[in-house]
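S.K.: Structure in structure tokens, see below.
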Amino acid sequence: MPSETLWEIAKAEVEKRSSNGSESDGVEIGEKSVFFIGSKNGGKTTIILRCLDRDEPPKPTLALEYTYGRKAKGHNIPKDIAHFWELGGGTSLLDLISVPITSDTLRTFSIVLVLDLSKPNDLWPTMENLLQATKSHVNKVIMKLGKKNSKASSEMRQKIWSNMQKDHPQDREIIDPFPIPLVIIGSKYDIFQDFDSEKRKVICKTLRFVAHYYGASLMFTSKSEALLLKIRGVINQLAFGIDKSKSICVDQNKPLFITAGLDSLNQIGSPPVPDNDIGKLHARSPMELWKKVYERLFPPKNTNTLKDIKDPARDPQYAESEVDEMRIQKDQELEQYKRSSSKSWKQIELDS
């Protein structure tokens, strides 16, 4: 019997992968990516380290960082691989969102948005800026993917709608599911639980609406080992495909835990504002209405810190004394050169 050629071996391998249920046109089975975005110093790194069983102190994230984890499926079976990306700087480095999310990785990608519950005035602008920037980029990648593989693109959109409850048809007219799996985590619950009851109510209801609107899971966490274990289970589901939890807790006096698709607009209720005041809030959409209600109690205050920093070299979180001193010296030399150049050109104009 003649030996197989290299081409025949390669062809057989591709057919074998297809028969094992891979319809992803080149995406490795058991290989997923999870992208952590959210509040600056909100605890993203701590959550990642806990999920990877790494007992080490978290360090400040510099711009965009990457790590990975492996999980065994069984004896003599290749381990699943999970790629963990983390965006540092809160909302200051939105341009870097496009680095890990590409048409090659999109179909196995999930987003984890970590929001600092202890800073409610920064919560809405942080959430809004990050979700809008991420969603905009993902939609562009889906359109690009659709030109190459329209079937994969349509399957992605259908899959995200499949998580929505079918017994709440009125919700479908209002919600707009995120194009890829999304989990919203409220961190520092240990501080949040001491807030005034009315403040906790507004934050909980608002986050429930936002999560339901985007078809996302929502949960709160802190340094508590029990809460970290629950979060770890959710991240493992995204990273390694472990069974999704069906538990739910909507009590504002306890840490929220709501899996995507298990909430409803009826259960969430209307925005927490007197009925006679709702008419005074001119909003063009339900999301804008909730934003106006939320910002009445928690107006954004640190708007400057939420703007994009176009030059990361000037971001205080990346300060290095020796480098910064040299940078100042070079800036001064540049300014001196500009002034001398300007004088030279003026002299030339006068002479002419």
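S.K.: Looking at (1) modelled with pLDDT of 90 or more; (2) open to solvent by 70 Å² or more (accessible area, probe 1.4 Å), find the lone condition where P78 falls short.
M.R.: Only one criterion is unmet by P78, namely (1).
S.K.: Now a separate question. Give V114, V99 a once-over and let me know the one that is open to solvent by 30 Å² or more (accessible area, probe 1.4 Å) and under 16 Å from the mean Cα position of the chain (by Cα).
M.R.: Just one listed residue meets the conditions, V99.
S.K.: Only one of these conditions is not met by L256: (1) open to solvent by 20 Å² or more (accessible area, probe 1.4 Å); (2) touching a Cys at 6+ places or on another chain (Cβ under 7 Å). Which number is it?
M.R.: Of everything listed in (1) open to solvent by 20 Å² or more (accessible area, probe 1.4 Å); (2) touching a Cys at 6+ places or on another chain (Cβ under 7 Å), L256 misses just condition (1).
S.K.: Something else about it: Would a scan of segment 212-223 turn up a residue that is closer than 27 Å to T91 by Cβ, assigned to a loop (DSSP other than H, G, I, E, B) and over 18 Å from the mean Cα position of the chain (by Cα)?
M.R.: Yes, there is a match, as at least one residue in segment 212-223 is closer than 27 Å to T91 by Cβ, assigned to a loop (DSSP other than H, G, I, E, B) and over 18 Å from the mean Cα position of the chain (by Cα).
The values are calculated or read from the model by the stated rules, or taken from the named source; none is laboratory data. Please read these numbers as outputs of a predicted model, since none were measured by experiment. Note: ideal-geometry Cβ built from the backbone for every residue, glycine included; neighbour counts use all protein chains shown. Quick note on the areas: whole protein, heavy atoms, side chains included, nothing else; ligands and nucleic acids left out. Shrake-Rupley method; radii C 1.70, N 1.55, O 1.52, S 1.80 Å.
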